[in-house]
1. Please determine whether any residue of segment B:103-111 is in contact (Cβ under 8 Å) with a residue 24 or more places away in the chain, in a helix (DSSP H, G or I), among the hydroxyl-bearing types (Ser, Thr, Tyr) and closer than 30 Å to A:VAL233 by Cα.
2. So is B:THR52 of a type in the set (Val, Ile, Thr), buried (at least 20 other Cβ atoms within 10 Å of the Cβ) and over 16 Å from the mean Cα position of the chain (by Cα) or not?
3. Suppose the filter is buried (at least 19 other Cβ atoms within 10 Å of the Cβ), within 14 Å of chain B (Cβ to nearest Cβ) and closer than 26 Å to A:LEU18 by Cβ; does A:LEU80 pass it?
4. Which of (1) without any contact (Cβ under 8 Å) to a residue 60 or more places away in the chain; (2) within 10 Å of chain A (Cβ to nearest Cβ) is the odd one out, the single condition B:ALA216 does not satisfy?
5. Out of A:ALA69, A:ALA57, report the one residue that is in contact with a Phe, Trp or Tyr (Cβ under 8 Å, 6 or more places away or on another chain), part of a helix (DSSP H, G or I) and at pLDDT 90 or above.
6. Looking at B:ALA253, B:ALA283 in this structure, which one is of a type outside the set (Asp, Glu), within 23 Å of B:LEU22 (Cα to Cα), away from every other protein chain (no Cβ under 11 Å) and touching a residue at least 60 places away in the same chain (Cβ under 8 Å)?
7. What number of residues within segment A:83-123 are over 27 Å from B:GLY127 (Cβ atoms) and either more than 9 Å from every other protein chain (Cβ to nearest Cβ) or outside any helix (DSSP H, G or I) (or both)?
Amino acid sequence: MTLTLALIQVLNGLQFGLILFLIAAGLTLVFGVMDFINLAHGVQYMVGAYLVAAFTAMTGGFFTGLALALPAALVFGLVLELLIFRHLYQRDHLDQVLATFGIIIFLNQAVKYIWGAAPLNVPIPDALSGAVEITDGLLYPVWRLVIIAAGLLVGLALYIVVNRTKLGMLVRAGASNAPMVSALGVNIRLLFTIVFGVGAMLAGFAGAMVAPILSVEPGMGDNVLILAFVVIVIGGIGSIRGAFIAALLIGLVDTLGRFFAPTLLRTLLDPSAASQTGRAIAPMLIYILMAAVLFFRPSGLFPAKK
Amino acid sequence: MPDPASLDAAARAAPPRTRRVLILPMLIFACFALMPSATLFGPQSYVLAIVTRIMILALGAMSLDLLIGYGAMISFGHAAFVGLGAYSTAILASHGITDGFSQLAAVIVTAIIFALFTGAISLRTKGVYFIMITLAFGQMLFFLTTSLAAYGGDDGLTLAARSTFFGMAILKNDLAMYYIAFGILLGAYVLLRAVVASRFGRVLRGIRENPVRMEAIGFPPYRYQLTAYVIAGVIAGVSGFLLANQAEFVSPAYTTWQRSGELIFVLVLGGLGSLHGAILGAAAFTLLADILSHYTENWAMIFGPILILVVLFARGGINGLFGGKP
């Protein structure tokens, strides 16, 4: 029985980690190539969820909604880039943090203004709303498996693009030494706009995929943003491979920690104290992990810059 | 031939520079000192409460100025210290220890321990990694406060009574609360002014400009930065003590990363690296939020763009408008 429960938690952790990877992938590239801290990346995730909720309600189908939401998320990201971010690349990190923090304040309120403060619900597409039996008596929701599959597919596609194409080569070169790439005659601004647009769309895609299982509400991107930053800092800024490994690590540690910490502590403490301490420690685990990683490797596990 | 404009500028900037620098802060503190007597004719308690809030926010932002403005250490977890101070006060109060001096001592000791522990780890990293690791420690404290089931957990904790001094409930009086906040703000300003003017402050600014060179001439940055980190943490903790007393309530919301962002915003709005800029920023931030919230509940939609515009166009903040230099 415990083994079955543990397996479910592992799958949940995997699913959570892959969602984090979708968000962190864009963030780490933008960070790596342009040395730009974009706190507004979390609201891209929120905007993706809201867009899919709005388009699904409008068209009546999740997949048509998704098909409309993805380009809309892309356009939204490019508009932000054109209007605001473009003026921040030459500024120091403090200015970037503040200006993008201003975008968060604005957009969190703006979605509340447009769609109201109450959470929106997006129905799971009918065909994928059931549960499958993985092993004896282990039922797992199909939609979560779909998220896992989508995350893995995007990860694979990104791996191929980044490691096997000319565009990917330029992105990797940009992450390790942007001025040099620019000096060799590559239009680094255009390259960055592409990376940025794709990153914004991936975050929007992550938001759209979790919309049916989470409530779509203002501020939903804030905590995810912090987790995505934890991921890219652990993975090493600018590294897709690092982001992938760190995202799975964070997803699993967080999910399993919340599940097992109270149980494990029960062997040491009395039950009520154990569950209380467990609930206190579990959410802190990933931050402890991050502090520990940075203590031993101050620039993450797989730094892109040498 | 010298340009007349530059001559003029040189003449204006030249003579008693130190005195000029202190005019604006002296004006600010005079305003705060006289404010309560001016409110005798108006809605006193409301104005007193809001100005007290401004001074408490200013105290937190000013301590952050020591880190960001003078030490180039962009801490994105400074609200953790405010929350630590507030929770230390409230937890002691909930156990019946309402003596203000004991509470302050507890606040200062916990802030020093937390600052030494987190600072020692954070300062091993640089740049973006420093921003992120201070953020991580802030989040840790946030989750710790939400899990304190005995002290309210997510819902926060209401203070049974404000702190007492010498056994007397002085702080019950809002005017006394005001002047105690004023006294602490003034004390912190004088202390920080002395710190940045001292040899230690010059070393800190040297490290801000070029850590490698400072190390080469015999000033290892780490211990100076850690000392500044502890000083800033203690002052922010004391602002938490005041905040808990003023609001008579503490909650995990005090320690969120958004609060840390707000502290940076206040500081940049007022002007980095001047100390009194933090006070100007706190006043502008609080009044703007208060006024806008009277007109529309969507004031954040106006606030966000203002923040972006300040960053893009108003370098030097409000202090810069008065001709102040960082």
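The values are calculated or read from the model by the stated rules, or taken from the named source; none is laboratory data. Values in this document were obtained by computation on a predicted structure and should not be read as measured data. No Cβ is skipped: glycine too gets one built from the backbone with ideal geometry, and neighbour counts run over all protein chains shown.
1. Just the residues of segment B:103-111 that are in contact (Cβ under 8 Å) with a residue 24 or more places away in the chain, to begin with: B:103-104, B:107-108, B:110-111.
Filter once more, so that each one left must be in a helix (DSSP H, G or I): B:103-104, B:107-108, B:110-111.
Add one more test, that the residue is among the hydroxyl-bearing types (Ser, Thr, Tyr), and what stays is B:110.
Those left that are additionally closer than 30 Å to A:VAL233 by Cα: B:110.
Looking through segment B:103-111, at least one residue is in contact (Cβ under 8 Å) with a residue 24 or more places away in the chain, in a helix (DSSP H, G or I), among the hydroxyl-bearing types (Ser, Thr, Tyr) and closer than 30 Å to A:VAL233 by Cα.
2. On the way: of a type in the set (Val, Ile, Thr): yes; buried (at least 20 other Cβ atoms within 10 Å of the Cβ): yes; over 16 Å from the mean Cα position of the chain (by Cα): no.
Here the answer is no, as B:THR52 does not meet what is asked.
3. Against the criterion (buried (at least 19 other Cβ atoms within 10 Å of the Cβ), within 14 Å of chain B (Cβ to nearest Cβ) and closer than 26 Å to A:LEU18 by Cβ), A:LEU80 qualifies.
4. For B:ALA216, the exception is condition (2).
5. On the way: A:ALA57 fails: in contact with a Phe, Trp or Tyr (Cβ under 8 Å, 6 or more places away or on another chain).
Checking each option against the conditions leaves just A:ALA69.
6. Details: B:ALA253 fails: within 23 Å of B:LEU22 (Cα to Cα).
Going through B:ALA253, B:ALA283 in turn, just one is of a type outside the set (Asp, Glu), within 23 Å of B:LEU22 (Cα to Cα), away from every other protein chain (no Cβ under 11 Å) and touching a residue at least 60 places away in the same chain (Cβ under 8 Å): B:ALA283.
7. 11
Okay, residues lined up against (1) surrounded by fewer than 23 Cβ atoms within 10 Å (Cβ to Cβ); (2) in contact with a Cys (Cβ under 8 Å, 6 or more places away or on another chain); (3) within 15 Å of A:ILE103 (Cβ to Cβ):
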| residue | (1), (2), (3) |
| --- | --- |
| A:ALA6 | yes, no, no |
| A:GLY17 | no, no, no |
| A:VAL30 | no, no, yes |
| A:PHE36 | yes, no, yes |
| A:GLY42 | no, no, yes |
| A:ALA57 | yes, no, no |
